[in-house]
């Protein structure tokens with residue numbers, strides 16, 4: 001009787017990690033590798049699907065999408081800084097008029 005392996009439910013990235021990255025390399029790399037290995041299969045499939053869609057986009061679409069992501073990241077990073085400055089100004093104004 002032949003010993004047959006169970007069908008794999010791992011994503012391609014999870015399989016690659018199992019084959020090429022030692023499980024016991026210590027430190028942050030071990031934690032990151034372990035976290036990726038323990039990702040749900042549906043999340044891995046989503047990443048694969050997203051990568052396929054990006055690959056099929058035109059260069060113009062990729063540039064526009066990258067610019068939109070960069071602008072969004074810039075906005076989010078500066079929003080908290082501006083919000084903190086506004087809150088500080090409001091607090092100073094209240095203490096000045098108190």
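Please work out if residue 64 is assigned to a helix (DSSP H, G or I), out of contact with any helix residue (DSSP H, G or I) (no Cβ under 6 Å at 6 or more places or on another chain) and more than 30 Å from residue 14 (Cβ to Cβ).
Answer is yes for this residue.
Somewhere in the stretch 33-48, is a residue part of a helix (DSSP H, G or I), modelled with pLDDT of 85 or more and within 22 Å of residue 15 (Cα to Cα)?
For the stretch 33-48, residues part of a helix (DSSP H, G or I), modelled with pLDDT of 85 or more and within 22 Å of residue 15 (Cα to Cα): absent.
Identify, please: which residue in the stretch 13-32 is loosely packed, with under 12 Cβ neighbours inside 10 Å and in a helix (DSSP H, G or I) and is, among those, modelled with the lowest pLDDT?
Taking the candidates together, the pick is 20.
The values are calculated or read from the model by the stated rules, or taken from the named source; none is laboratory data. Here the structure is a predicted model, which means the values were calculated and not measured. When we count neighbours, we look across all protein chains shown, and the Cβ atoms used for this are built from the backbone with ideal geometry, even at glycine.
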